[in-house]
Amino acid sequence: MLRFAPRSRLLGRLRAPLDPAEVRRTERWLASARVFLAITALVTSWIAPLEGAHSRWFYWLLIGYIVHGVTVMLLLRYRRQSTPAFRVLVHAFDVIWPSLLSLFVAGEQGPIFLLFVFVITAAAYRWGLWETLVTALSAVLLVWLEAVILHGGGAAALGSLSQRWGLPPPGFALSALGPHRLLLSAISLLILGLLLGYLAEQQKTLRAERAMIARVLGAIRVEEGLTGAFQGIMEEVVNMYGARRILCAWQETNSYRVFLSEVQASGAEVSRLQWLEVPPEARSAYLEASPADACFVARSKAGLDLVALDSTGAVVKNVAAGYFDRMAGLQDFHSAIVLSYQVGTEWSGRIFVFDPRLTGDPVEELRFLQEFLRQIGPAVSNVYLLHRLRQRAGATERARFARELHDGAIQSLIGVELQLDVLRRQNPSDTTPVNTELGRIQGLLREEVLKLRQLMQELKSFEVDGARLPAFLADTVERFQRETGISARFLTDLTRVDLPRRVCGEVARIAQEALVNIRKHSGAHQVLVRLGARNGSVHLVVEDDGRGFPFSGHLSQVDLSDSGKAPGVIQERVRLIEGELAIESTPGQGARIEVRVPLARASSHG
């Protein structure tokens, strides 16, 4: 069984600090209530005197209490702030006044008991459980001490002293200060203090939680992006629970990749967020499906002790520990909190808090963290959506620029190139340097037009899914042939490809980059692009009859990574989709690039 120290949940988090203005308003409310209760007690006792409350001393004390309350009100009105020492002093007098007044009341204490209720409520309102219990205990001890003094000869001494000074007799209600009545009053005050203190502690717990959530929400900045949002959230969790390390694994809904971010704590220092690569074989250890939405797991001699909740906060029984056994093989921890989260419809993932210092019931802590993630989820989702909106706005602007480029600079360059061609054709047999230089300039213009067209295509934002990929590659190859004059063909027997949208986009970009490299460097006359599917994989093949690469033979992806002979852009895009790249080259005769994307891997994470 799990054992935890019976301490307040708030000891494990940051308390919500009170603003000085809020403290001042609270003290003003209490001061108004103090004066109102004191005047009410005076009027009530005057109209319907309590049993034994006939002593002038009783009314003098009530008037003194009213003067005390008015003085506090004036001080709070003209003082700029309420210091802790001032509040403690006022609270001490609030305990003393009703304790003195209770000495003169023999029957039901009525309004006097309400003064005790007020001071206990004030302690709960100002502080919390323990301060409220201390206040109730102080009032009980003070009344008992007064009773002991009066029964021990103090009443007779004060009576003699009053007679000597010409004052009326005190008229203490000694019958009400017997052990039986004092015991009942003490029990009532202590129970009242426990109840009000408990309620105040729960209210302050909720207030601290809301303040902490508001602080995290206020720290999320759109300009800092998702990295800044995750950094702030993970730092807050580290500070709350004193965790040693936090991992956040997440995956976009329409993506196949799993991302892992990490924050480590060393003393009071929290490291910057780092992004880590997740090997394919370790993905299931982070994002495996589970009926538990939140878990707390701790190692023990018997194995792993587990507390799990579903998405509604209900305790889940008999959750298999195999998932955590695999996690223990990947991460070193003594205890861990595992939380699932969903950011809109775009992301899902888990947060792993390693070696947290829990100071309360783990079930309540897990429920709080579930609520914490539900509250900040929309804010993170808004950051993501705004980021996407900015991307789309940028894509729209790039498309506008591409249109301007096509209708402006490219058309002008084509016009100049045509004029040069007309000048050269006027004297086709002329071999003068001028005609040769015109031919060279015409070739440069044609090359610049091709580069601008390539730039225009890169600026355009395109959405390619599995149904559009074959047609898109066919159009790309046809445009390549039309613009370069190189014979090019595209072959495929597929009408659609079972790959996620993002993977299809990367495959299209790889084909474009391969054709650009052929145009620039190969000197090829014929190009063949093939798209097919076999053995559970999608294959893209681009081959030409040009110069080839500066090596001979067949190199796999591992060989290309070690030698650095693969085109950098193509190699990076293949890595992003976790495909496999192979290049076959015969210098002087051509080259063949093959990209293989496993369908099972892409679909399981797409």
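Read-outs: derived from the displayed coordinates by stated rules, not from any lab. A quick note: this is a predicted structure, and the numbers were derived from the prediction, not measured. Every residue, glycine as well, gets a Cβ built from its backbone with ideal geometry; the counts of neighbours run over all protein chains shown.
Please work out the Cα convex hull volume for the chain and give it in Å³ per residue.
250
Please arrange 565, 301, 204 by counting, for each residue, the other beta carbons lying within 10 Å of its beta carbon, fewest first.
Numbers: 565 15, 301 4, 204 20.
Exposure proxy ranking, most exposed first: 301, 565, 204.
Over the alpha-carbon set of segment 166-236, work out the extent along each principal axis and list the three values in angstrom, largest first.
Principal extents (largest minus smallest coordinate, Cα): 78, 32, 13 Å.
Starting at the first residue of segment 443-448, write each ³J(HN,Hα) from the Karplus equation 6.51 cos²θ - 1.76 cosθ + 1.60 with θ = phi - 60°, in whole Hz, x for Gly and Pro.
In residue order, the calculated couplings are x, 5, 4, 4, 5, 5 Hz.
Taking the Cα centre of segment 9-216 as the origin and placing charges on Cβ (Lys, Arg +1; Asp, Glu -1), which of 156, 188, 200 is farthest toward the positive end of the dipole?
So the residue we want is 200.
What is the angle, in °, between the Cα long axis of helix 111-126 and the longest principal axis of the Cα atoms in the chain? Nearest 10 is fine, range 0 to 90.
30
Taking N as the number of residues in segment 9-216, what is its alpha-carbon radius of gyration divided by 2.2 N^0.38 Å?
Ratio of Rg to 2.2 N^0.38 Å for segment 9-216: 1.14.
Distance between Cα centroids, segment 113-147 to segment 203-232: provide it in whole Å.
36
Just to be sure I understand the model, the point goes 7 Å from the Cα along the line to the Cβ. What's the resulting residue 224 to residue 187 distance in nm?
So the label points at residue 224 and residue 187 sit 5.6 nm apart.
Which order results if 94, 421 are arranged by neighbouring Cβ count within 10 Å, fewest first?
421, 94
For residue 520, list the aspartates and glutamates whose Cα falls under 15 Å from its own Cα; do not include residues on the same chain fewer than 8 positions away.
Result set, ordered by chain and number: 447, 448, 483, 543, 544, 545.
Dividing the Cα radius of gyration by the Kirkwood radius, what Rg/Rh value follows for segment 214-277?
On the Cα set of segment 214-277, Rg over Rh gives 0.99.
Kindly express, to the nearest 10 degrees and within the range 0 to 90, the angle between helix 179-219's C-alpha long axis and the longest C-alpha principal axis of the chain.
Compared with the principal axis, the helix lies near 20 degrees.
Just to confirm the number: angle between the C-alpha axis of helix 129-149 and the first principal axis of the chain, 0 to 90 degrees, nearest 10?
With both axes taken from Cα atoms, the answer is about 10 degrees.
In Å and on Cα atoms, what radius of gyration and Dmax does segment 463-606 show?
14.4, 42
So how do 569, 449 line up by other beta-carbon neighbours within 10 Å, fewest first? Before the final figure, lay out the partial values.
Working: 569 15, 449 19.
Arranged by neighbour count, lowest to highest, 569, 449 become 569, 449.
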